[in-house]
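This report refers to the structure that appears directly beneath it.
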Amino acid sequence: MSLFRTKSIEESLAASHEEGHSLRRRLSALDLTVFGIGVIIGAGIFTVTGRAAKDYAGPSIVLSFVLGAVACALAALCYAEFASTVPVSGSAYTFSYATLGEIVAWIIGWDLLLELMLGASVVAQGWSQYLITFLTQVGVTWPASVGPGSHFDLAAFLLVGALAALVAKGIKESLRVNLALVALKLLIVLFVIFAGISFVNTANWSPFIPPSAPGGATASGLTTPLLQVLTGMTPATYGVMGIMAGASIVFFAYIGFDVVATTAEEANNPQRDLPIGIIASLAICTVLYVAVALVLTGMQKYSDIDSKAALATAFTHVGRDGFATLISAGAVAGLTTVVMTLLIGAVRVVFAMSRDRLLPERLSRTSERTGTPISLTLIIGTTVALIASLTPIGKLEEMVNIGTLTAFMLVSLAVPMLRRSRPDLHRSFRVPGSPVVPILSALVCFYLVLNLSIETWIRFIVWMALGFVVYFAYSRHHSRLAGRDEVRQPALDVKGP
């Protein structure tokens, strides 16, 4: 049984119509765009921007966001071509299964689980922190024994549990809530931009690119970027290397557009709507990120930024405590949509892997009433709720980045491969400049992933090793393709003369 056996496009499309294992097409281009904005806007603005500006790049964190956006835009074009050509649940996992083979598809699926489940857990903890901040600002005291940093973060647990129940009820119902919260979030982000402009002190932007500083708590030992170790460069923060390292960190802020591709099987017109949803959500969010980063670093010297609640404390710093309360409320709403969207993405990836029998088949069974895999949704929701409430994972954002960047690299490389192996397929959207653009996308992602720390790489290797154990112990032998290969083997004549 070959490790690189592929599942044809026709087989993937046929599986999406299998009774009891199919999803309902209910999403429009607007739904998909809002879906993307719902997950992209939140983590970056409310939890990552401040830390990256203070510890890595200073005001030039704006350039880090631009670099991250370029990397995402290149990858987004590749995702858009694949999603419109193979409109089946599973995103990068499904795409790679048709081009690079089962073992690579498994690696990407395992990466996506890391990205989506860990991402949801990290953001749930950030949501809990902002909720307590908001409650404190309005005079409500939350018990410290079940608050952020305690043995059990009750708020994070309740959030994930409630959202898992909503996702299980139905995709359209989830997106109705998502639409309302995204509208509120965008209003507050625009408020931050326009209200903050009047408090900008341009002196805080000087120097725009702080001079490179050797060593430091953010770049020593296992926290040193792998690229610096491989090239022998002296560990440094700020400067050009700080911009690059910052881009690798704020890349966490952009995860989401790829989650749109996980809902391909639920789009009304995937060939048209998916490219629109993916590219439009990324473009809108990039403009907002750059604007907020400029305002934040202009309101307060980058070295004085509070990395835990950067936007709220920036307005407190200029004497606008009421604005800080409003921003905290926006963060609570904003991070809610992020957690919900990541949960939906995780469920859809595991659904696709289960339907291919790489994971137990019963996980992909859908309800006739809701059209969703209820049992799978509750299992993933419970797992994420426990991780978010019981484990100190707030510093593991880079783990999400490395999983995402790895998936981006493989999807980018798969585009020209599928063009060559299946030129007959109808492609309603085509990456311009292929194969140059997909290869450039893979190279940019590879460069960014090298800027992640050594400890992140060690954790990633451990995670991948665990994935290989699961694959060789279970998935390889239970795969749909394993059954197909067995049928193709010549039958043995066991009868005697």
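The values are calculated or read from the model by the stated rules, or taken from the named source; none is laboratory data. All values derive from a computational prediction rather than experimental measurement. Note: ideal-geometry Cβ built from the backbone for every residue, glycine included; neighbour counts use all protein chains shown.
What to note about this one:
- Neighbours by Cβ (under 7 Å, 6+ apart or cross-chain): first from the stretch 279-304, at pLDDT 90 or above and among the hydroxyl-bearing types (Ser, Thr, Tyr); second surrounded by fewer than 20 Cβ atoms within 10 Å (Cβ to Cβ) and in a helix (DSSP H, G or I): THR297/ASN204; THR297/TRP205
- Matching entry among ARG348, ARG369, ARG419 (being charged (D, E, K, R) and either touching a residue at least 40 places away in the same chain (Cβ under 8 Å) or touching a helix residue (DSSP H, G or I) at 6+ places or on another chain (Cβ under 7 Å) (or both)): ARG348
- Some residue of the stretch 312-323 being in contact with a Leu (Cβ under 7 Å, 6 or more places away or on another chain), of a type in the set (A, V, I, L, M), within 19 Å of SER198 (Cβ to Cβ) and part of a helix (DSSP H, G or I): yes
- Exactly one residue among LEU100, LEU32 is closer than 24 Å to PHE429 by Cα, at pLDDT 85 or above and either out of contact with any strand residue (DSSP E or B) (no Cβ under 9 Å at 6 or more places or on another chain) or not aromatic (Phe, Trp, Tyr) (or both), and that residue is LEU32.
- When the test is whether a residue is of a type in the set (A, V, I, L, M), in a helix (DSSP H, G or I) and surrounded by 18 or more Cβ atoms within 10 Å (Cβ to Cβ), VAL449 passes it.
- Tally, over the stretch 222-251, of residues that are assigned to a loop (DSSP other than H, G, I, E, B) and either modelled with pLDDT of 80 or more or under 24 Å from VAL122 (Cα atoms) (or both): 2
- Some residue of the stretch 222-238 being surrounded by 21 or more Cβ atoms within 10 Å (Cβ to Cβ), more than 28 Å from LEU342 (Cα to Cα) and among the polar types (S, T, N, Q): yes
- The single condition among (1) part of a loop (DSSP other than H, G, I, E, B); (2) under 24 Å from PHE257 (Cα atoms) that LEU440 does not satisfy is (1).
- Matching helices (runs of 4 or more DSSP H) fully within the stretch 1-111 where at least 2 residues are buried (at least 20 other Cβ atoms within 10 Å of the Cβ) and over 16 Å from the mean Cα position of the chain (by Cα): 9-15, 49-52, 61-85, 92-97
- A single member of PHE251, PHE315, PHE257 is touching a Cys at 6+ places or on another chain (Cβ under 9 Å), more than 30 Å from GLU18 (Cβ to Cβ) and crowded, with 20+ Cβ neighbours inside 10 Å, and it is PHE251.
- Neighbours by Cβ (under 9 Å, 6+ apart or cross-chain): first from the stretch 383-398, within 21 Å of ASP111 (Cβ to Cβ); second among the charged types (D, E, K, R) and modelled with pLDDT under 85: GLU397/ARG51
- Considering the stretch 129-181, the residues that are under 14 Å from ALA333 (Cβ atoms) and in contact with a Leu (Cβ under 7 Å, 6 or more places away or on another chain) include one that is surrounded by the fewest Cβ atoms within 10 Å (Cβ to Cβ), namely VAL177.
- Residue satisfying condition, being more than 22 Å from the chain's Cα centre (by Cα) and either under 22 Å from ALA120 (Cβ atoms) or not in a loop (DSSP other than H, G, I, E, B) (or both), within set ALA329, ALA283: ALA329
- Candidate set: the stretch 360-380, residues that are crowded, with 24+ Cβ neighbours inside 10 Å and of a type outside the set (Val, Ile, Thr); chosen: the one nearest to LEU159 (Cα to Cα): PRO373
- Scope the stretch 374-423; condition among the basic types (Lys, Arg) and assigned to a helix (DSSP H, G or I); matching residues: ARG419, ARG420
- Qualifying residue in the stretch 207-221 (condition: at pLDDT 85 or above, surrounded by fewer than 20 Cβ atoms within 10 Å (Cβ to Cβ) and part of a helix (DSSP H, G or I)): no
- Of all the listed residues (LEU186, LEU135, LEU175), the sole one being touching a Phe, Trp or Tyr at 6+ places or on another chain (Cβ under 7 Å) and either under 25 Å from LEU27 (Cβ atoms) or not in a helix (DSSP H, G or I) (or both) is LEU175.
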